[in-house]
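Read-outs throughout are calculated quantities, based only on the coordinates presented, and are distinct from any laboratory measurement. On a predicted model such as this, the values are computed, not experimentally measured, just so you know. Every residue, glycine among them, receives a Cβ derived from its backbone with ideal geometry; neighbour counts consider all protein chains shown.
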Amino acid sequence: MLQETRLITRRLREFPDDSWTIERALDDGAYETLRKVVTEMSPDEVIEVTKDSGLRGRGGAGFPTGMKWSFVPKDVFPKYLVVNHDEGEPCTFKDRELAESDPHAVLEGIAIAAFANQASKAFIYCRGEFALGSRRLDRAISEAYDKGFLGSGIFGSKFDLDIILHRGAGAYICGEESALLDSLEGYRGQPRLRPPYPAVKGLYGQPTVVNNTETLATLPWIFANGAGAYKKYGTEKSPGTKMFSVSGHIERPANYEVPLGTKLQDILDLAGGMRGGKKLKAVIPGGASSPLLTDTDIAMDFDTLKEAGTMLGSGAITFLDEDTCMVRNALVTLEFFEHESCGKCTPCREGTWWAVKVLERVEHGEGRPEDMSLLHDIANGMDGRSFCPLGDAASWALRSNVKLFLDEFEQHVDLGRCPAEEEHKVLVGARRGIGLGEAGVGDQPSSGIGVDAAGAS
Ligand SMILES: Cc1cc2nc3c(=O)[nH]c(=O)nc-3n(C[C@H](O)[C@H](O)[C@H](O)COP(=O)(O)O)c2cc1C
Ligand code: SF4
């Protein structure tokens with residue numbers, strides 16, 4: 001059976017009892033790569049190696065990291081590095097584990113990226129709910145200052161770096177990079193019109209690189225081992241490894257690091273297979289925004305998933321078993337988008353709200369035969385017409401559920417109830433659940449969409 005390839009998760013898996021401490025990190029060679037980078041390389045060389053490694057952003061879009069850095073104007077100062085540690089995509093929990101269990105690898109990666117981009121200030125935008133992770137990051141930052149890995153003249157070079165940890169208030173839209181910048185500046189977190197892109201005009205109007213936590217935590221390995229060694233893993237266009245957050249109706253939900261291009265079935269096997277030997281019904285391959293798959297014979301890399309009409313996204317894979325009600329799955333997913341829609345543009349604000357209303361009535365036995373085509377119309381009204389990708393993503397998730405599981409939607413309408421209702425009596429997110437206690441929690445699900453699947457974020 002496939003084993004994990006632990007490049008960025010090696011330290012935290014080998015030393016689970018103390019991987020986050022400065023003592024363990026130093027004993028394991030932390031900050032040695034940073035020393036080599038700032039004392040032996042120029043910022044341009046660091047950008048070239050990053051380009052050569054083929055590293056693509058792990059926040060969702062898969063944009064080549066080195067190329068993004070090369071868009072930053074050389075002669076405008078100050079420049080900023082912003083770390084996207086918001087991780088709001090449902091079922092994604094890789095950045096959280098990285099910051100909680102190996103904060104010094106995250107800081108070392110931040111320092112390498114800041115050096116490459118000649119940024120002397122880096123901001124970590126940390127999801128508000130990450131209590132343990134933010135405490136560990138906070139402590140790691142203090143320790144790094146004490147050891148001289150942050151501050152002025154790092155390793156005797158001319159490179160200065162301050163890191164500021166900022167906790168958000170827990171809004172999904174603040175993971176979108178331009179909304180994140182508004183939030184960081186103290187405004188309401190809503191997307192900005194682009195261009196100009198952050199690389200040219202970002203935080204406080206200055207050139208700003210925004211990178212995901214996992215992207216940055218990969219840099220120490222690349223600079224310790226070389227771009228060539230990194231490219232030996234993964235595929236030609238999606239090199240390296242990726243942390244996949246694997247959840248849903250499986251035996252062992254967890255983060256698994258495997259080369260990009262690994263078969264989805266191998267990842268399912270790594271996670272112990274389907275819970276209780278149940279059959280697979282659907283897979284959400286890249287977070288709630290990604291259209292569904294119905295089988296596991298596919299290579300998990302950016303381009304293959306795009307060709308298959310879906311996306312790798314943040315690498316959050318959720319497996320749904322044969323007992324799952326797909327109308328409820330669509331409802332829970334759209335409720336998430338409705339709740340997180342920032343309200344700035346009409347197609348998303350009204351479209352997500354309307355879709356939830358229609359899905360609620362289908363799920364609760366009051367659906368009409370024309371509701372499925374109405375749901376397609378609502379999706380078409382959001383797709384390509386929303387101000388930012390949140391509205392588009394909501395439409396993809398909606399359309400995919402209705403298209404692939406049309407028979408289930410029709411069955412709900414024909415029967416005048418949810419076919420799975422009697423068996424499971426599960427409420428997750430649905431507002432008008434049947435058979436619920438006051439706390440809004442029904443009988444424990446034997447299966448169906450549970451909190452370990454689409455309800456978790
Ligand atoms: C609605 C929305 C939410 C997002 N949430 C996150 C997030 O939580 N974390 C993240 O790194 N990127 C998120 N992104 C992607 C960021 O906008 C951006 O592409 C990413 O931080 C760039 O870093 P990377 O190039 O290292 O991937 C989100 C995008 C959208 C549209
Ligand atoms: S698409 Fe949704 S989240 Fe994005 S700007 Fe419009 S209302 Fe806000």
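Under 5 Å between amide hydrogens, built in the peptide plane, is the criterion, and for Val246 it picks out Ala254, Asn255, Tyr256, Ile317 among residues at least 5 positions away or on other chains. In the chain, Cα pairs under 8 Å separated by at least six residues give a relative contact order of 15 percent. Membrane-span-like helices in the chain, defined here as complete DSSP H runs extending at least 24 Å along the helix axis by their C-alpha atoms with mean Kyte-Doolittle hydropathy no lower than -1.0, are 346-363; this is a sequence and geometry rule, not a statement about a membrane. Amide H contacts for Ile124 (H built 1.01 Å from N in the peptide plane; partners 5 or more residues away or on another chain; cut-off under 5 Å): Val83, Ile164, Leu165, His166. Mind checking which of Gly205, Gly57, Leu374 is farthest towards the positive end of the chain's charge dipole, using Cβ charges of +1 (Lys, Arg) and -1 (Asp, Glu) about the Cα centre? It is Gly205. Taking other residues whose beta carbon is less than 14 angstrom from the beta carbon of Leu270, and scoring Lys, Arg as +1 and Asp, Glu as -1, yields 0. One chain, two ends: Thr346 and Ser157. Fully extended at 0.36 nm per residue, the span grows by 62.9 nm beyond their Cα-Cα distance. Between the beta carbons of Tyr197 and Leu415, assuming R0 = 45 Å, the FRET efficiency works out to 0.35 to the nearest 0.05.
Within the chain, DSSP assigns beta bridges of which about 45% are antiparallel (rounded to the nearest 5). In the chain, the DSSP-assigned H stretches of four residues or longer account for a calculated mean residue ellipticity at 222 nm of -12000 deg cm²/dmol, using -39500 (n - 2.57) per stretch and the full residue count as denominator.
Annotation for region 397-423 versus region 130-175: alpha-carbon center distance of 47 Å. Computed over region 146-305, relative contact order equals 11 percent, with contacts defined as Cα pairs under 8 Å that lie 6+ residues apart. Remark on Val210: its backbone amide H falls under 5 Å from those of Val82, a criterion applied only to residues 5 or more positions apart or on other chains, H modelled at 1.01 Å from N.
Take the residue pairs Lys36/Lys121; Lys147/Lys242; Lys68/Lys237 and return only those whose Cα atoms are more than 25 Å apart. Write down the numbers at each step before the final one.
Values: Lys36/Lys121 20 Å; Lys147/Lys242 30 Å; Lys68/Lys237 16 Å.
From the list (Lys36/Lys121; Lys147/Lys242; Lys68/Lys237), the Cα-Cα distance tops 25 Å for Lys147/Lys242.
Here Lys231 is the anchor, and the aspartates and glutamates within straight C-alpha reach of less than 13 Å, apart from those fewer than 8 places off in the same chain, are Asp52.
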